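A quick write-up on the structure given underneath.
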Amino acid sequence: MLASRIKVSSYRPPIHEPEEYADRFSSTVTNGFIALEIAIGYELGLFCSLNEFTSPVTSTELAVSCKLKERYVREWLGCMSAAGFVSITPDDTYFIPEACKPHTESSKLASVLPHVAANTSSVLECFKEDGPKGYDFSNQLGNLMWLDHDNKSCDSKWIDENLFPAGHKETDTIRNVMDFGCGLGSLTIKLAEHLPNAKVYGVDIDRNAIEKAKENKVKENTPNVEFMLLENDHLDESWTKKFDWITMVDVLHDLPNPNLSISEIKRVMKDDGIVSVIDPCVHSDHKMNQGNQTAAMLYVFSTCICLPCSMSREPAAANGIGWGVQNRAEFLKSKGLKILGDEHNALLQFQKA
Ligand SMILES: C[S@@+](CC[C@H](N)C(=O)[O-])C[C@H]1O[C@@H](n2cnc3c(N)ncnc32)[C@H](O)[C@@H]1O
């Protein structure tokens, strides 16, 4: 999911010394609280507005600019200034130093936190021996909307650099494309805009997602895109050997039955068709992720969204993000597929052997 597009990476080696352990543990918990306030600031446009002001502002001026209640904005400013992310002048006006403003961009990532956290009570039940195995995407609209919003910035340059099987396919030879597990469809629409001579099909198993995707299509007025609900894991019977290019963005590790989905994808690929898969770049061996803070964050998405989805129905593959890119490559090879280029990146391209 989203996760493959997260461009933060930091490494903090594992700690064995108790004082440092205590310090990092407590600061991580503290930062979790502050991240929630950052999410609030992003959602309400407070960072955006503060960044637009060219001189320090009062809490009232900031509140007015965002059409918010001053008292709440003042509390938010109290938190942000205590955390060090907003500065205060001696006469109680607030600002973000000019050179620091671009770095408030990370507040966008924080804004998914409340949606992920909304799954907490459900996931607690799933952990229990006698609890449910998992849950699918039907109650994950907030998370899907967050992802979809992120996809709106995937322009042609992004598609060329991050998804297109360059060196293996020429854009103008592509007639039929399928975006498998398309969610709310913004990336599918971007693909259709990028390939105006192709027909692009977005398919997803989630009814709510496909309804929203159809609404998106109408809004964006993209004639060469079509969204279809996948009733079970079987793709349209008439699609055998139809597709030149298939994309699976943040989907493969979520699937409860990847064996069936991949055999269906094999069926609908042309003999020289290519599939581009993106999954979060987490190593399959826990030992290799030690100290990797990005991997730690991705596991939170996995625990609350991806793993429950992959366990939501039989045969419950239970992959999730922790499946990792090494296991993914082995799985695809075991299905008789040929991997083109690097097999251990977030992006993997494959074709029929
Ligand atoms: C993390 S979202 C990614 C959505 C979209 N590709 C994006 O990047 O925003 C995973 C999507 O896979 C879909 N999905 C889950 N199981 C599926 C299945 N068996 N077949 C097709 N789609 C599935 C979910 O409904 C969800 O929309």
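Each value in this text was obtained by applying a stated rule to the coordinates, not by laboratory testing. Owing to the predicted nature of the structure, the values given are computational and were not obtained by experimental measurement. Here the Cβ positions follow ideal geometry from the backbone for every residue, glycine too, while neighbour counts run over all protein chains shown.
Structure above, values below:
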{"item": "Expected 222 nm ellipticity per residue - DSSP helices of 4 or more, -39500 (n - 2.57), all of the chain, to 500", "result": "-12500 deg cm²/dmol"}
{"item": "Placed amide H near F227: partners under 5 Å, 5+ positions off or other chain", "result": "G202"}
{"item": "Charge context of K333, other residues only, Cβ under 15 angstrom, K/R +1, D/E -1", "result": "+2"}
{"item": "Mean Cβ neighbour count within 10 Å, used as a protection proxy, ranking 171-182, 209-220 highest first", "result": "171-182, 209-220"}
{"item": "Helix 258-268 axis, angle to the chain major axis (alpha carbon atoms, nearest 10°)", "result": "60"}
{"item": "Theoretical gain in end-to-end length, T28 to S263 [0.36 nm per residue, Cα-Cα removed]", "result": "80.3 nm"}
{"item": "Largest-first principal axis extents of the Cα set of the chain (Å)", "result": "70, 51, 39"}
{"item": "Relative packing of peptides 326-339, 10-23, 186-199 - highest average C-beta neighbours within 10 Å first", "result": "186-199, 326-339, 10-23"}
{"item": "Reciprocal mean inverse distance between Cα atoms of the stretch 2-110 - Kirkwood radius, Å", "result": "15.4"}
{"item": "Segment S238-T89, length gained on full extension (0.36 nm per residue, minus Cα span)", "result": "46.9 nm"}
{"item": "Residues D271, D254, D206, sorted so that the one with the fewest Cβ neighbours within 10 Å comes first", "result": "D271, D206, D254"}
{"item": "Inter-label distance for E170 and L229, nm, one decimal - labels placed 7 Å from Cα along Cα-to-Cβ", "result": "4.1"}
{"item": "Contour excess over end-to-end distance, with Cα ends at N208 and A316 and 0.36 nm allotted per residue", "result": "36.7 nm"}
{"item": "Taking the chain and dividing mean pair separation by its residue count, relative contact order in percent (alpha carbons under 8 Å, at least six apart)", "result": "17"}
